[in-house]
Amino acid sequence: MEDTTPAEAVAAADPTPTTQPDPVDDLAAEAAAAAEELVAAVVRPEGPGAAELADLAAGLGLPPEAAGPLAASLSRARDEVSGLRRRSLELAAVSQSARRLANATRVDETLDHLVRAAHGLVVADLAYLSEYDPDTATLRVRATHGVVTEAFAALPVPTGIGVASRIAQTRRPQAVLDYFAEPGLARSEDMDAAVGEEGVVSLLGVPLVANSTVLGVLFVGTRSQHEYTPDEVAVLSALADHAAIAMLRSLRFGDLERSGDEADARASAWEQYFRDQRRVLDVVDELFDAVLSGEDVHRVIAALGQAVARQLVLVDEAGGVIASSGDARPADVSPVSNPPGARFISTPDSPDTEAVVVVETGTAGILRLHVLRPPLGSPLLSPETVVRGAQVCAFAHLLGSASRLREDRHRDRLLSALLSGTGSSTAATANDLAAAGLPLTDLARLVVVRGPAPDLRRTAATLTDRAAAGAGLPGLVFGLHAGELTVLTDAQTFPDIRALLDRRTAEVPHLTAIHAAVGSDSSEARSDEAVLTELRREHRGVVDLLALVEALAWSGTVIEAAELQPYALLFGPDRGALDAFVESVLGPLLDSEDLPVLEEYFRQGRNLRATAEATRFHVNTITQRLRRVDGLLGPAWRSPDRAFLTEAAVRLVSLDHRLRQSS
């Protein structure tokens, strides 16, 4: 029997096995647990610090000389895992941005998302995207995240200023560690103030480039110093590329939409143009029919002007306005070359005239239809349509001229019968005058106008136009007789005609007009014979006064015959006698400032208080002025005989000044 140890003997005697712990296995288990904890710490999102890594390495039971290198390797592994995790997040964000870009319908939503992504993927307190505006050559903020001041978000950046100018010039990313300490940076006071208010210190910007064109800049910034890494630049550049694609696509879509809109607008404009021209041509045809039915040139040009949406002015060879569709007049009505037929002449350099249509007529000479420039947005002008319209206007003028010529001859014969008493009986003359719209018993006013024949004819044409505008203007008869224009009216019509003749005599040199009342304005019945006798007497008196007025060079207004009668009786048409009379009576008072006061004194019936009220002087001042007149004329001027002569001379000087100054 083999020898056994006591332990073996005990074991053999005891059937229950006994197991002893193995120290080596315990050490392996502890090492495995420490290694598992170490790996978990390295891949943890926040990552272990250096002290924690050293403790974990020591837990493996390694000697110090081996634990140090292991801790360094674990630190590098931790950094690499952190970088991979960050890269994974960046790739996920870029991938999400790409999917959003592919499915985006609105560029603003895409840009907002990219700016928020930039703010979250790199170290940033704020992020913003600035778009380049080629019209103003500035960068304007279009999307922001983290910006707190309105001034920073709304500030335009001119070309050549700030970090953006560097990025635009180099087309490469640019990082600034300290904005206000950055050397060589072009600045502006507004930008520095906005950056300072926002608290920005460090900046990173990358360009948005598409087709070699800088569309904008994507910026991130911090309010404390931060040095941006190449990884941050790379991810921001990827987001900037997406933003550039979104903006370029928006521009292309915008160009396509604008092109489509412009094409639609052009097509619509041409359709409207053809509709307008068809309508205008229909109007021209209707106007031609209206002219054949007796429509005058004034209504024709008004309808044509409304149809072409322009103001039209028809002028004769001398530049005189025949008719117009409005109140405006062309600045230049100088003659043009004589073309055959009708011709459309564009005037692009004229400030107020768009075109001129020249129409050559046989009896009326060359007429010109001036088309004045319309407001912006008016329909296009068709030359062919305007030429046809001008021909219709010229035709209406010719027919109207022929009709007016017949009417003028009829009026002239009627005036000759009224004023000379030849050619018809009193009853026939009275009937003709009543048929013309002025019953003989209503005749109350007479005006005789003398001047050059062309001016008299134009004045008569003005009266004709006024009569046509007044739907016949009853109470008016006029015509040429013995080389003068004679105008007869009733009491109601006279003020309107007086105002018209006042304007004509003021505007036209060498026109002289004198007015006289025929009978009184009372309702007392007068026989036709009595009215005719009085009319002829007044007419002869006015004709005689015309010689006096011409000799004295008085003109510029319609002169009252009653004002002239005393001077005609005293002097007749003798300017020298009038001047001698005034000089002998007034002498040194003629150049004195007291002459107007003396005139008002006589006008107020030699009443001191009334004179003071009329001149707004004090009564004492009027008294002093009259004493000065005593010194100039002598006290005898106040005597009844001398006062009459003095008053006549003063009134004559006043009338002379008024009529000569208005000429």
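The values are calculated or read from the model by the stated rules, or taken from the named source; none is laboratory data. Quick caveat, the model's predicted, so the values are computed rather than measured. Because the Cβ atoms are built from the backbone with ideal geometry, glycine has one as well, and the counts that use them run over all protein chains shown.
Miscellaneous remarks
- With respect to the conditions (1) out of contact with any Phe, Trp or Tyr (no Cβ under 8 Å at 6 or more places or on another chain); (2) farther than 20 Å from LEU652 by Cα; (3) among the charged types (D, E, K, R), ARG625 lacks only one, and its number is (1).
- Qualifying residue in region 198-206 (condition: hydroxyl-bearing (Ser, Thr, Tyr), assigned to a strand (DSSP E or B) and either within 19 Å of VAL107 (Cα to Cα) or under 44 Å from the mean Cα position of the chain (by Cα) (or both)): no
Every residue, every condition in (1) at pLDDT below 85; (2) among the aliphatic types (A, V, I, L, M), yes or no:
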| residue | (1), (2) |
| --- | --- |
| GLY576 | yes, no |
| GLU593 | no, no |
| PHE617 | no, no |
| LEU632 | no, yes |
| SER654 | yes, no |
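- Among the residues of region 353-405, just one is touching a Lys or Arg at 6+ places or on another chain (Cβ under 7 Å) and hydroxyl-bearing (Ser, Thr, Tyr), namely THR353.
- Every condition in (1) closer than 17 Å to VAL308 by Cα; (2) of a type in the set (Gly, Ala, Ser); (3) over 40 Å from the mean Cα position of the chain (by Cα) is met by SER403 except one, and the failing one is (1).
- Matching residues, region 117-173, being of a type in the set (Ser, Thr, Tyr) and either under 33 Å from the mean Cα position of the chain (by Cα) or within 20 Å of VAL214 (Cα to Cα) (or both): TYR128, SER130, TYR132, THR136, THR138, THR144, THR159, SER165, THR170
- Region 409-438: number of residues that are over 16 Å from SER527 (Cβ atoms), out of contact with any His (no Cβ under 9 Å at 6 or more places or on another chain) and either aromatic (Phe, Trp, Tyr) or at pLDDT 75 or above (or both): 9
- The set of residues in region 148-167 that are part of a helix (DSSP H, G or I) and either crowded, with 21+ Cβ neighbours inside 10 Å or of a type outside the set (A, V, I, L, M) (or both) comprises GLU150, PHE152, GLY162, VAL163, ALA164, SER165, ARG166, ILE167.
- Residue pairs meeting the criteria (Cβ under 8 Å; at least 6 apart or on separate chains; first touching a residue at least 40 places away in the same chain (Cβ under 8 Å) and farther than 18 Å from GLY475 by Cβ, in region 416-444; second among the hydroxyl-bearing types (Ser, Thr, Tyr) and exposed (fewer than 14 other Cβ atoms within 10 Å of the Cβ)): SER416/THR422
- Residue selected from region 220-245 under the condition touching a strand residue (DSSP E or B) at 6+ places or on another chain (Cβ under 8 Å) and small (Gly, Ala, Ser), by the criterion surrounded by the fewest Cβ atoms within 10 Å (Cβ to Cβ): SER224
Each row is one residue, and each column tells you yes or no for (1) modelled with pLDDT under 85; (2) surrounded by fewer than 20 Cβ atoms within 10 Å (Cβ to Cβ).
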{"residue": "LEU456", "(1), (2)": "no, yes"}
{"residue": "THR462", "(1), (2)": "yes, yes"}
{"residue": "THR486", "(1), (2)": "no, no"}
{"residue": "THR489", "(1), (2)": "no, no"}
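Residue by residue, here is whether (1) over 28 Å from ARG411 (Cβ atoms); (2) surrounded by fewer than 18 Cβ atoms within 10 Å (Cβ to Cβ); (3) outside the structural domain of ARG651 (by TED's automatic domain parsing); (4) at pLDDT 85 or above holds:
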position	(1), (2), (3), (4)
GLY483	no, yes, yes, yes
GLN492	no, yes, yes, yes
ILE514	no, no, yes, yes
GLU524	yes, yes, yes, no
LEU552	yes, no, yes, no
GLY556	no, no, yes, no
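- ARG187 being farther than 19 Å from ALA243 by Cβ, in the same structural domain as LEU236 (by TED's automatic domain parsing), surrounded by fewer than 20 Cβ atoms within 10 Å (Cβ to Cβ) and touching a residue at least 60 places away in the same chain (Cβ under 8 Å): no
- Annotation note: of ARG450, ARG466, ARG457, ARG503, the sole residue that is closer than 20 Å to VAL543 by Cα and either free of Cβ contacts under 8 Å to residues at least 60 places away in the same chain or polar (S, T, N, Q) (or both) is ARG457.
- Spans of strands (runs of 3 or more DSSP E) in region 277-381 with at least 3 residues at pLDDT below 80: 342-346
- Single residue of region 595-645 satisfying the filter (at negative phi, over 55 Å from the mean Cα position of the chain (by Cα) and not in a helix (DSSP H, G or I)) that is surrounded by the fewest Cβ atoms within 10 Å (Cβ to Cβ): SER639
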